[in-house]
């Protein structure tokens, strides 16, 4: 027993000195960023064909881009990186908001300012919990504005069963992102602890399942066409 004691003490010392593990937060925010950036089959087809997007559709797209970027920056900080945007990162998205989405103006502006401040303050993983807690109210307000915009889109899509199903599924994704952010804010002081990691991993799994059920554009899911055969070389003379 005495021979084992030094090894046990050494293991406990190494565990105490190991850096906090924020990988569950990193992975959830990365998954949430990708899910928030969802493009419906109609939107993706229009973008690839060059068709113009309605002002309402582009406004929702701007909010998606802002939320996705915010989540991506949280993932970066969880990886002990530094946010690269030292000034308002959502200036272009703010200019695209439609009048009907005025409720997104204030939270998106404040959220961008908070990310810019975090960049200038060189916030990294040790400050992750504080950053999540401070930005959560604005992120929740932005998600609420996005959900309202999706509701209005659903009213415009009446009679289109496929569009309505996709819209409902995306709103379910937004609800899970809001719940996940609330979970992170609630556990902002214990993000690297085992119990928190369990709940965050479970939330990531649920979000991935919901995201996987979103309809995807057939033209993006189709396999790429076979590569053209290389031209034959002229015969040697």
Practice prompt. Check whether at least one residue in the stretch 76-87 is touching a helix residue (DSSP H, G or I) at 6+ places or on another chain (Cβ under 9 Å), in contact (Cβ under 8 Å) with a residue 24 or more places away in the chain and assigned to a helix (DSSP H, G or I), and report yes or no.
Written response: yes
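Restricting attention to the stretch 186-209, report how many residues are part of a helix (DSSP H, G or I) and either surrounded by fewer than 18 Cβ atoms within 10 Å (Cβ to Cβ) or at pLDDT below 95 (or both).
11
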Fill in: residue 167, sole failed condition from (1) in a helix (DSSP H, G or I); (2) at pLDDT 95 or above; (3) crowded, with 17+ Cβ neighbours inside 10 Å
(2)
Worksheet entry | The listed residue being surrounded by fewer than 18 Cβ atoms within 10 Å (Cβ to Cβ), in a helix (DSSP H, G or I) and either modelled with pLDDT of 60 or more or touching a strand residue (DSSP E or B) at 6+ places or on another chain (Cβ under 7 Å) (or both), out of 34, 9 | 34
Worksheet, complete the sentence: Exactly one of 39, 26 is under 15 Å from the mean Cα position of the chain (by Cα) and modelled with pLDDT under 90, and that residue is 39
Worksheet item: Looking at residue 52, is it exposed (fewer than 15 other Cβ atoms within 10 Å of the Cβ) and at pLDDT below 95?
Response: yes
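Suppose the filter is touching a residue at least 12 places away in the same chain (Cβ under 8 Å) and under 17 Å from the mean Cα position of the chain (by Cα); does residue 201 pass it?
Spelling it out, residue 201 is indeed touching a residue at least 12 places away in the same chain (Cβ under 8 Å) and under 17 Å from the mean Cα position of the chain (by Cα).
The values are calculated or read from the model by the stated rules, or taken from the named source; none is laboratory data. Everything numeric here is computed off the predicted structure, so don't read it as measured data. Glycine also receives a Cβ, built like all others from the backbone with ideal geometry; neighbour counts cover every protein chain displayed.
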